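**Student:** Pasting a structure below so you can have a look.
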Amino acid sequence: MITRVDPGPRMSRAVVHNGTVYTSGQVADDTSAGVTGQTQQVLAKIDAILARAGIDKSHVVLASVWLADIASYDAMNAVWDAWIAPRCAPARATVEARLAGAEYLVEIAVVAAIPTEMLV
């Protein structure tokens with residue numbers, strides 16, 4: 001079964017299939033915030049998406065992080081390091097990229113595993 005979370009005409013906020021949650025890239029709503037604030041907003045969105053699937057950030061197995069400016073790597077990591085569950089760091093790639101709009105400083109997508117005992 002495939003479950004689409006908040007499907008739209010172009011993409012879904014997330015897709016759940018075979019015990020795996022795939023989020024689309026999440027960006028900040030308040031783009032007036034710096035990279036620290038935008039990263040906090042993005043991770044809060046990811047928390048909410050995972051909660052809808054009945055799991056939390058400790059189940060994230062892969063993260064892709066795109067930064068508009070790699071010079072903000074340390075600022076983003078300060079927020080990331082405070083957010084990630086202890087001993088549950090996922091595989092992660094972080095790259096500099098031109099994002100969909102100049103107002104976006106960070107975009108993050110994750111893949112998370114739903115434990116088999118939670119699967120129907």
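The values are calculated or read from the model by the stated rules, or taken from the named source; none is laboratory data. All of these numbers come straight from a predicted model, not from anything done at the bench. Positions of Cβ are backbone-derived with ideal geometry, glycine not excepted, and every protein chain shown enters the neighbour counts.
**Student:** For segment 66-120, how many residues are part of a loop (DSSP other than H, G, I, E, B), of a type in the set (D, E, K, R) and in contact (Cβ under 8 Å) with a residue 40 or more places away in the chain?
**Tutor:** Count: 1.
**Student:** Answer with yes or no whether residue 15 is touching a residue at least 60 places away in the same chain (Cβ under 8 Å) and either over 13 Å from the mean Cα position of the chain (by Cα) or within 26 Å of residue 3 (Cα to Cα) (or both).
**Tutor:** no
**Student:** Among the residues of segment 17-28 satisfying the criterion of being surrounded by 11 or more Cβ atoms within 10 Å (Cβ to Cβ) and out of contact with any Lys or Arg (no Cβ under 8 Å at 6 or more places or on another chain), which is farthest from residue 60 (Cα to Cα)?
**Tutor:** Just the residues of segment 17-28 that are surrounded by 11 or more Cβ atoms within 10 Å (Cβ to Cβ), to begin with: 17, 19-28.
Among the residues that remain, those that are also out of contact with any Lys or Arg (no Cβ under 8 Å at 6 or more places or on another chain) are: 17, 19-22, 25, 27-28.
Values: 17: 15, 19: 12, 20: 10, 21: 9, 22: 10, 25: 14, 27: 18, 28: 20 Å.
Among those that are surrounded by 11 or more Cβ atoms within 10 Å (Cβ to Cβ) and out of contact with any Lys or Arg (no Cβ under 8 Å at 6 or more places or on another chain), it is 28.
**Student:** Condition first: part of a helix (DSSP H, G or I), surrounded by fewer than 16 Cβ atoms within 10 Å (Cβ to Cβ), at pLDDT 95 or above and not hydrophobic (A, V, I, L, M, F, W, C). Can you find one or more residues in segment 53-65 that meet it?
**Tutor:** yes
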